[in-house]
Structure formats: structure tokens, C-alpha cells
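Student: I'd like to ask you about the structure that follows.
The values are calculated or read from the model by the stated rules, or taken from the named source; none is laboratory data. Computed from a predicted structure; not experimentally measured. So basically every Cβ, Gly included, is an ideal-geometry build from the backbone, and we count neighbours across all protein chains shown.
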Amino acid sequence: MNLEYAAFLLTVTLYLFGAAGYFVFLALKKEKASVWAYRFMLAGFAVHTVCLTARGINAGRLPLTNQYEFALAFAWGIVLCFLIFVKKYDFNALGCFVAPVVFLVIGYAAMQSKDIHALMPALQSGWLAFHVSMAIIAYGSFGVAFGVAMVFLFQHQLQSSAFARTHFPDEATLDNITYRAVSLGFLFLTLCIITGAIWAKRAWGTYWNWDPKETWSLITWIIYAIYLHLRLNKGLRGRKSAIFAALGFVAVLFTYVGVNTLLAGLHSYK
């Protein structure tokens, strides 16, 4: 428990430093700040992984079953996808918009109860790992898509100096990164819904219960399905595409935070 708590505090601190570093980079145009910000995010991810592992050992199960644990895993998924996209596209400045989101999610985790409770019967299933892991990767990808979309929406301000043009891709590249991140998230959200339906059949005897979480997961899936349809068949590009991707992440946040807070249902695990 001491290791978990210490790792959690260090994770929060490192992500805070990362977000602050990216702010200094963007506001004061200090290139070295982005380098250190990335290092803080990378170190935070490593400690974050230790924290999740310690939580799993303390709980004697996968740490994915209550508000605190899923928020912790949600933030971990966003950072994982962020690190992958930064490496693939050499786009460290993406952290200017992703790091604050990560810090907010991990901050939300800090406000939740960290008590460990026995799993309710419905959660005692091998499908837990598949279903929730798919959700983590999906939400992480959508978080990265949101960050890139925000870069796109502020593109004109960002491109007002040679410094910004050096560190931020052009609009076509940003649009393509957003599309790829949404596509990855959509794939894993689809798998999340499918595995959830199979799990629900075994746990409650029916594939779909119109539970608030299920309903809003479907709404989120439909939003991103429309995005992909408009892009592939109607040529959706540019600012409208970025706005669509950003609004999709708002639906993701409501599906997780809003539903758990405001709407009671089968997925209301504290």
C-alpha cells in the first residue's frame, strides 16, 4: 500500500511538471522546456505503471473495477497512446494539449476513494480484462485525437511565428493524425462494446440492457462512426473534422465521468 501511494503521488507530480513544461514551451517559446516536459511524461508513465501494478497486487486482481482504478488506467492509456504518436510522428509539441488532459484525469482519480473492495459477482469474470483493456486503449486514442484536434483548431495562432511553424505540423498532417487516432480508438471501442455484450450475456442473461453506460458508449460509438463515414465518403476535412473529433471526446468524458456521477445503473461501480 505504501508503494502504491508513493507511486501515485510521484505520478501526479511528474505529470504536473510535464504539463507545466509544455505550458512554458508554448507560452515562452522555450524549446528546452518541451524536452524536459517529455521526459517528465515518460518518467511519469513508468511510475504510473508501477502504481497500477502495485494496486493490482494489493487488490489481488486487475485494478480496473472502480472509479479510482479506471481513472488511473484511463490516464495511463492516454499517456501510452501519446507516447506512441509522439514517437511515430516526431510531434512532441502534442503534449501541450494532451498533458493537461492527463493531469486532469489523474487529478480526478486522486479525488476518488482508494479503498479496496471485493468484486461483485458480475465482475468476477475473465472477460473483465478484455472488456476494460479495450476501453482504456479506445479512450486513450480518443484523448490523443482530441489533443491533435485542439492543435488544429488553434493552428492559425500557433503558426504566427517561425518557432511555432518549426514545432507544429501543417494542417494536412494534423488532420491525418487525428483521423488515425480516431480510427484506432474506434476499433478498440467496437471491441469494447462487443466484449461487453458477451460478458453481459453471461452475467445478466442478455446482450444489451440499455444501461446508461451502455447507452452512452453506443452514442459515443455512433459519433465517431459518423466522423469516419463523413471523412471516408463525404471528404470531411479541416476545421469541421477537428471540431467533430473534439466533440467526440466530450462524449467520451461524459460516458465515463458524467454517467458514473449522474446516472445510476449496472455500471455504477464506486
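Student: Inside the range 59-116, can you point out the residues that are of a type outside the set (A, V, I, L, M, F, W, C) and surrounded by 18 or more Cβ atoms within 10 Å (Cβ to Cβ)? Give the derivation first.
Tutor: Residues of the range 59-116 that are of a type outside the set (A, V, I, L, M, F, W, C), as a first pass: 60-61, 63, 65-69, 77, 87-90, 92, 95, 100, 107-108, 112-115.
The answer is R61, P63, T65, N66, Q67, Y68, E69, G77, N92, G95, P100, Y108.
Student: Would you mind stating whether D175 is surrounded by 20 or more Cβ atoms within 10 Å (Cβ to Cβ) and out of contact with any strand residue (DSSP E or B) (no Cβ under 8 Å at 6 or more places or on another chain)? Working first, answer last.
Tutor: Values: surrounded by 20 or more Cβ atoms within 10 Å (Cβ to Cβ): yes; out of contact with any strand residue (DSSP E or B) (no Cβ under 8 Å at 6 or more places or on another chain): yes.
For D175, the condition - surrounded by 20 or more Cβ atoms within 10 Å (Cβ to Cβ) and out of contact with any strand residue (DSSP E or B) (no Cβ under 8 Å at 6 or more places or on another chain) - is met.
Student: At pLDDT below 95, closer than 27 Å to T261 by Cα and touching a Phe, Trp or Tyr at 6+ places or on another chain (Cβ under 6 Å), is that true of F74? Step through it out loud before you land on a result.
Tutor: Working: at pLDDT below 95: yes; closer than 27 Å to T261 by Cα: yes; touching a Phe, Trp or Tyr at 6+ places or on another chain (Cβ under 6 Å): yes.
Judged against the criteria, F74 is a match.
Student: Turning to a different aspect of this structure: Residue under question is F163, and the condition is that it be under 19 Å from the mean Cα position of the chain (by Cα), surrounded by fewer than 20 Cβ atoms within 10 Å (Cβ to Cβ), at pLDDT below 90 and among the hydrophobic types (A, V, I, L, M, F, W, C); does it hold? Steps first, please.
Tutor: Numbers: under 19 Å from the mean Cα position of the chain (by Cα): no; surrounded by fewer than 20 Cβ atoms within 10 Å (Cβ to Cβ): yes; at pLDDT below 90: yes; among the hydrophobic types (A, V, I, L, M, F, W, C): yes.
Judged against the criteria, F163 is not a match.
Student: Could you list, in sequence order, the residues of the range 218-244 that are out of contact with any helix residue (DSSP H, G or I) (no Cβ under 7 Å at 6 or more places or on another chain) and not in a helix (DSSP H, G or I)?
Tutor: G235
Student: Six or more apart or on different chains, Cβ under 8 Å: which pairs go from a residue in the range 46-73 that's over 19 Å from A6 (Cβ atoms) to one that's of a type in the set (K, R) and at pLDDT below 90? Could you list them?
Tutor: As it stands, the answer is N66/K270; Q67/K270, since those pairs meet every condition given.
Student: Are any of the residues in the range 208-216 part of a loop (DSSP other than H, G, I, E, B), in contact with a helix residue (DSSP H, G or I) (Cβ under 8 Å, 6 or more places away or on another chain) and either crowded, with 20+ Cβ neighbours inside 10 Å or not aliphatic (A, V, I, L, M) (or both)? Spell out how you get there, then give the answer.
Tutor: First, the residues of the range 208-216 that are part of a loop (DSSP other than H, G, I, E, B): 208-211.
Okay, now just the ones that are also in contact with a helix residue (DSSP H, G or I) (Cβ under 8 Å, 6 or more places away or on another chain), so 208-209.
With either crowded, with 20+ Cβ neighbours inside 10 Å or not aliphatic (A, V, I, L, M) (or both) added as a condition, the list becomes 208-209.
Scanning the range 208-216, I find at least one residue that is part of a loop (DSSP other than H, G, I, E, B), in contact with a helix residue (DSSP H, G or I) (Cβ under 8 Å, 6 or more places away or on another chain) and either crowded, with 20+ Cβ neighbours inside 10 Å or not aliphatic (A, V, I, L, M) (or both), so the answer is yes.
Student: Evaluate the following for V144: is it within 27 Å of V24 (Cβ to Cβ), at pLDDT 90 or above, assigned to a helix (DSSP H, G or I) and assigned by TED's automatic domain parsing to the domain that holds S34? Break it down into steps so the answer makes sense when it comes.
Tutor: Numbers: within 27 Å of V24 (Cβ to Cβ): yes; at pLDDT 90 or above: yes; assigned to a helix (DSSP H, G or I): yes; assigned by TED's automatic domain parsing to the domain that holds S34: no.
For V144, the condition - within 27 Å of V24 (Cβ to Cβ), at pLDDT 90 or above, assigned to a helix (DSSP H, G or I) and assigned by TED's automatic domain parsing to the domain that holds S34 - is not met.
Student: Any residue that is assigned by TED's automatic domain parsing to the domain that holds I106, assigned to a helix (DSSP H, G or I), charged (D, E, K, R) and under 20 Å from the mean Cα position of the chain (by Cα) - is there at least one of those in the range 19-32?
Tutor: Start the filter on the range 19-32 by keeping residues that are assigned by TED's automatic domain parsing to the domain that holds I106, which leaves 19-32.
Now restrict to residues that are assigned to a helix (DSSP H, G or I): 19-28, 31-32.
Add one more test, that the residue is charged (D, E, K, R), and what stays is 31-32.
Going one step further and asking which of them are under 20 Å from the mean Cα position of the chain (by Cα), we end up with none.
Looking for residues that are assigned by TED's automatic domain parsing to the domain that holds I106, assigned to a helix (DSSP H, G or I), charged (D, E, K, R) and under 20 Å from the mean Cα position of the chain (by Cα), one finds none in the range 19-32, hence no.
Student: Look through M111, M134, M150 and report the one residue that is free of Cβ contacts under 8 Å to residues at least 24 places away in the same chain and on the phi < 0 side of the Ramachandran plot.
Tutor: Working: M134 fails: free of Cβ contacts under 8 Å to residues at least 24 places away in the same chain; M150 fails: free of Cβ contacts under 8 Å to residues at least 24 places away in the same chain.
Result of the check over M111, M134, M150: M111.
Student: Just one of A118, A122, A129 is at pLDDT below 90, among the small types (G, A, S) and assigned to a loop (DSSP other than H, G, I, E, B); which is it?
Tutor: Only one candidate qualifies: A118.
Student: If we scan the range 28-43, do we find a residue that is of a type in the set (K, R), surrounded by fewer than 18 Cβ atoms within 10 Å (Cβ to Cβ), free of Cβ contacts under 8 Å to residues at least 40 places away in the same chain and in contact with a helix residue (DSSP H, G or I) (Cβ under 7 Å, 6 or more places away or on another chain)? It would help to see each step written out before you state the result.
Tutor: At the first step, the residues of the range 28-43 found to be of a type in the set (K, R) are 29-30, 32, 39.
This time we only want the ones that are surrounded by fewer than 18 Cβ atoms within 10 Å (Cβ to Cβ), so: 29-30, 32, 39.
Cutting the leftovers down to free of Cβ contacts under 8 Å to residues at least 40 places away in the same chain gives us 30, 32, 39.
Filter once more, so that each one left must be in contact with a helix residue (DSSP H, G or I) (Cβ under 7 Å, 6 or more places away or on another chain): 30.
So far as the range 28-43 goes, yes, one or more of its residues are of a type in the set (K, R), surrounded by fewer than 18 Cβ atoms within 10 Å (Cβ to Cβ), free of Cβ contacts under 8 Å to residues at least 40 places away in the same chain and in contact with a helix residue (DSSP H, G or I) (Cβ under 7 Å, 6 or more places away or on another chain).
Student: For G56, all conditions in the list (1) of a type outside the set (S, T, Y); (2) buried (at least 19 other Cβ atoms within 10 Å of the Cβ); (3) more than 16 Å from the chain's Cα centre (by Cα) hold save one; what is the number of the exception?
Tutor: Evaluating G56 over (1) of a type outside the set (S, T, Y); (2) buried (at least 19 other Cβ atoms within 10 Å of the Cβ); (3) more than 16 Å from the chain's Cα centre (by Cα) leaves (2) as the failure.
Yes/no per residue for (1) in contact with a Ser or Thr (Cβ under 6 Å, 6 or more places away or on another chain); (2) closer than 20 Å to L174 by Cβ; (3) of a type outside the set (G, A, S):
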residue	(1), (2), (3)
N2	no, no, yes
L16	no, no, yes
K32	no, no, yes
V50	no, no, yes
N58	no, no, yes
N66	no, no, yes
A75	no, no, no
Y89	no, yes, yes
V101	no, yes, yes
